[in-house]
Amino acid sequence: MGKEFEIVIGLEVHAELKTATKAFCSCSTAFGAEPNTQVCPVCSGFPGMLPVLNKKMVELAIRTGIALNSEIPEICKFDRKNYFYPDLPKAYQISQFDLPVCKGGYLDIEVDGQTKRIGITRAHMEEDAGKLVHQGDITTTPFSLVDLNRSGVPLLEIVSEPDMRSAQEARAYMEKLRSILLFAGVSDCKMQEGSLRCDANVSVRPVGQMEFGTRTETKNLNSFRSLEKSIEYEARRQMEAIEDGEEIVQETRTWDEEKQVTRSMRSKEEAHDYRYFPEPDLPPLKISREWVNTIAAQMPELPEQARRRLVEEYGLPEYDAAIITLNPDYLNFFDQCISSYKDAKLVSNWMMSELNRLLNQNNMEIGECRFKPADLVKILQLIDDGSISGKMAKTVFEEMFNSGQAPELIIKEKGMAQISDESTLINLIDGIIQDNPKVLEDYKNGKEKAFGFFVGQIMKASKGQANPGVVNKLLKERLSSSEM
């Protein structure tokens with residue numbers, strides 16, 4: 001490429017709020033029900049049905065605003081966003097336009113050791129649309145089915161400033177935002193279930209140009225990997241098109257996971273295309289300072305506070321603290337471990353290596369583990385007192401992860417207890433030395449490899465159960481004794 005380009009990225013994130021019922025009716029929000037079984041005349045758009053505001057939705061939106069350093073205005077209102085789509089039975093969506101529940105804000109990300117502040121434009125409440133179940137690919141499907149279970153589920157749309165300049169920064173923003181929403185307790189953020197979705201607005205411009213380029217919006221990205229890969233592809237597509245003399249069209253695109261490309265879906269609407277007007281069936285909402293202050297006083301520990309605590313109280317490296325505070329369940333597991341085992345770095349090492357490896361292999365969250373933090377502590381204590389070796393401990397840990405059995409039971413059933421009894425080991429060592437007189441002679445002649453041979457034979461004879469530290473000590477003593 002001849003020109004050098006800069007990528008400009010802004011994200012619109014839709015977080016499904018953790019309420020028991022929908023935004024404007026009493027239908028359940030539970031995931032996984034049979035299609036069209038969690039609907040009523042309100043959320044299925046029957047004429048004349050009136051919405052009733054879910055107070056919990058507003059509370060969770062305020063909590064999110066506090067966590068994102070946003071302003072919570074005293075007055076906000078709902079608006080009708082008008083458009084026609086098969087999954088929108090009323091032909092309008094109750095949303096917020098000019099007076100949202102949260103204004104401004106920011107969060108800090110870290111990429112390649114550099115901290116960067118990403119601005120938040122706004123966060124507004126709205127109801128979700130239904131879901132189209134396509135019979136094949138979205139752009140070629142012969143027909144689609146409509147499931148209205150999701151219609152009316154409370155959403156918070158969080159809109160960033162166009163402050164990100166790489167796909168890596170966008171991913172870091174999304175990961176940080178997800179952790180904040182999880183810690184604040186406002187959403188379960190299960191991307192695989194659609195309760196956290198992201199639209200990526202991407203444009204490119206020559207380096208040094210102040211004016212933004214024409215942007216495209218890639219819709220409904222539901223994994224960090226898809227977000228990162230789609231931005232990389234879309235930015236590259238736009239750069240190549242500009243260099244070929246083509247004009248970038250403002251449009252909505254979709255990400256093809258199989259082919260790893262973005263594809264055009266439709267032209268992109270502007271705000272005036274939605275013909276926003278105030279929702280006539282819901283009066284403006286007045287939010288008292290007292291209510292905001294009460295919610296603020298009840299806020300749980302947020303990721304940044306937790307990260308500082310782990311660094312300052314337990315001396316963890318910044319990297320460890322950042323990983324542990326990505327998820328409140330992960331942090332809770334760590335906190336429970338160190339309440340009875342004081343080596344915080346060792347706990348962190350096991351969680352980030354062995355535990356993360358098994359979670360990723362099994363596509364599991366830490367909350368789905370079959371064992372308790374006390375079981376990991378028990379393994380570490382068994383290593384400390386010489387009952388098992390570090391290598392044995394990893395085997396026990398994996399078995400514990402898969403079966404949920406207590407570590408002591410696994411060790412007993414598999415005969416894995418480490419042999420540390422000196423009299424037992426001396427008998428074993430003496431037998432190995434007597435069976436290998438040539439190697440003994442080599443050792444006495446200064447050949448250090450002979451010592452390693454003896455250690456290997458002892459570990460083999462004990463089926464790996466001999467305590468290596470004790471073996472090394474006793475072997476040196478026996479080899480240097482005059483009797484040998």
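The values are calculated or read from the model by the stated rules, or taken from the named source; none is laboratory data. Bear in mind that the values here come from a model prediction, so they are computed numbers and not experimental data. No Cβ is skipped: glycine too gets one built from the backbone with ideal geometry, and neighbour counts run over all protein chains shown.
Only one of (1) touching a residue at least 24 places away in the same chain (Cβ under 8 Å); (2) within 26 Å of the chain's Cα centre (by Cα); (3) surrounded by fewer than 19 Cβ atoms within 10 Å (Cβ to Cβ) is not met by Ala172, so which one is it?
(3)
So in segment 279-321, with the set limited to residues that are touching a residue at least 60 places away in the same chain (Cβ under 8 Å) and closer than 30 Å to Val347 by Cα, which one is farthest from the chain's Cα centre (by Cα)?
Going through the qualifying residues, I end up with Met299.
Does at least one position in segment 384-398 carry a residue that is of a type in the set (Ser, Thr, Tyr), modelled with pLDDT of 80 or more, more than 25 Å from the chain's Cα centre (by Cα) and closer than 28 Å to Asp320 by Cβ?
Residues of segment 384-398 that are of a type in the set (Ser, Thr, Tyr), as a first pass: 387, 389, 395.
When the remaining residues are screened for being modelled with pLDDT of 80 or more, the result is 395.
Now drop any that are not more than 25 Å from the chain's Cα centre (by Cα), which leaves 395.
In the following step, the residues that additionally are closer than 28 Å to Asp320 by Cβ were identified as 395.
There is at least one residue in segment 384-398 that is of a type in the set (Ser, Thr, Tyr), modelled with pLDDT of 80 or more, more than 25 Å from the chain's Cα centre (by Cα) and closer than 28 Å to Asp320 by Cβ.
Given the criterion at pLDDT below 75 and either surrounded by 11 or more Cβ atoms within 10 Å (Cβ to Cβ) or assigned to a helix (DSSP H, G or I) (or both), identify the matching residue among Val455, Val439, Val471.
Numbers: Val455 fails: at pLDDT below 75; Val439 fails: at pLDDT below 75.
It is Val471.
Only one of (1) without any contact (Cβ under 8 Å) to a residue 40 or more places away in the chain; (2) closer than 19 Å to Thr121 by Cβ; (3) among the β-branched types (Val, Ile, Thr) fails for Thr218. Which number is that?
For Thr218, the exception is condition (1).
Output the number of residues of segment 99-111 satisfying the condition of being surrounded by fewer than 20 Cβ atoms within 10 Å (Cβ to Cβ) and free of Cβ contacts under 8 Å to residues at least 40 places away in the same chain.
Taking segment 99-111 first, the residues surrounded by fewer than 20 Cβ atoms within 10 Å (Cβ to Cβ) are 99, 103-104, 106, 108, 110-111.
Filter once more, keeping what is free of Cβ contacts under 8 Å to residues at least 40 places away in the same chain: 103-104, 106.
Counting residues in segment 99-111 that are surrounded by fewer than 20 Cβ atoms within 10 Å (Cβ to Cβ) and free of Cβ contacts under 8 Å to residues at least 40 places away in the same chain gives 3.
Considering only residues that are part of a strand (DSSP E or B) and among the charged types (D, E, K, R), look in segment 1-38 and name the one that is farthest from the chain's Cα centre (by Cα).
Residue satisfying both the conditions and the ranking: Glu6.
Inside segment 93-118, can you point out the residues that are closer than 29 Å to Asn54 by Cβ and either outside the structural domain of Pro283 (by TED's automatic domain parsing) or among the small types (Gly, Ala, Ser) (or both)?
Of everything in segment 93-118, those that are closer than 29 Å to Asn54 by Cβ and either outside the structural domain of Pro283 (by TED's automatic domain parsing) or among the small types (Gly, Ala, Ser) (or both) turn out to be Ser95, Gly104, Gly105.
Give the residue that is surrounded by the fewest Cβ atoms within 10 Å (Cβ to Cβ), with candidates limited to residues of segment 291-319 that are of a type in the set (A, V, I, L, M, F, W, C) and under 28 Å from Gly113 (Cβ atoms).
Val311
Given the conditions (1) part of a strand (DSSP E or B); (2) without any contact (Cβ under 8 Å) to a residue 60 or more places away in the chain; (3) in contact with a helix residue (DSSP H, G or I) (Cβ under 9 Å, 6 or more places away or on another chain), which single one is not true for Gly65?
Single failed check for Gly65: (1).
I'm checking my understanding of the structure. Among residues of segment 354-377 that are of a type in the set (A, V, I, L, M) and assigned to a helix (DSSP H, G or I), which one is surrounded by the fewest Cβ atoms within 10 Å (Cβ to Cβ)?
Restricting to residues being of a type in the set (A, V, I, L, M) and assigned to a helix (DSSP H, G or I), the top hit is Ala374.
Is it the case that segment 174-187 has a residue that's more than 29 Å from Leu53 (Cβ to Cβ) and among the polar types (S, T, N, Q)?
Within segment 174-187 (the criterion being more than 29 Å from Leu53 (Cβ to Cβ) and among the polar types (S, T, N, Q)), the answer is no, since none of the residues qualifies.
What residue, among those in segment 1-12 that are surrounded by fewer than 24 Cβ atoms within 10 Å (Cβ to Cβ) and not small (Gly, Ala, Ser), is modelled with the lowest pLDDT?
The selected residue is Met1.
Pick from Ala344, Ala322: which is modelled with pLDDT under 95, assigned by TED's automatic domain parsing to the domain that holds Gln405 and buried (at least 16 other Cβ atoms within 10 Å of the Cβ)?
Exactly one of Ala344, Ala322 is modelled with pLDDT under 95, assigned by TED's automatic domain parsing to the domain that holds Gln405 and buried (at least 16 other Cβ atoms within 10 Å of the Cβ), namely Ala322.
Name every residue in segment 78-94 that is touching a Leu at 6+ places or on another chain (Cβ under 9 Å) and buried (at least 18 other Cβ atoms within 10 Å of the Cβ), in order of residue number.
Answer for segment 78-94, where residues must be touching a Leu at 6+ places or on another chain (Cβ under 9 Å) and buried (at least 18 other Cβ atoms within 10 Å of the Cβ): Phe78, Asp79, Pro89, Ile94.
Residue check: is Leu331 surrounded by 12 or more Cβ atoms within 10 Å (Cβ to Cβ), among the hydrophobic types (A, V, I, L, M, F, W, C) and under 20 Å from Leu181 (Cβ atoms)?
Against the criterion (surrounded by 12 or more Cβ atoms within 10 Å (Cβ to Cβ), among the hydrophobic types (A, V, I, L, M, F, W, C) and under 20 Å from Leu181 (Cβ atoms)), Leu331 qualifies.
Just to be sure, is Thr140 among the β-branched types (Val, Ile, Thr), more than 15 Å from Ala61 (Cα to Cα) and either out of contact with any Asp or Glu (no Cβ under 8 Å at 6 or more places or on another chain) or not assigned by TED's automatic domain parsing to the domain that holds Ser267 (or both)?
Working: among the β-branched types (Val, Ile, Thr): yes; more than 15 Å from Ala61 (Cα to Cα): yes; either out of contact with any Asp or Glu (no Cβ under 8 Å at 6 or more places or on another chain) or not assigned by TED's automatic domain parsing to the domain that holds Ser267 (or both): yes.
Considered against the rule, which asks whether it is among the β-branched types (Val, Ile, Thr), more than 15 Å from Ala61 (Cα to Cα) and either out of contact with any Asp or Glu (no Cβ under 8 Å at 6 or more places or on another chain) or not assigned by TED's automatic domain parsing to the domain that holds Ser267 (or both), Thr140 comes out as yes.
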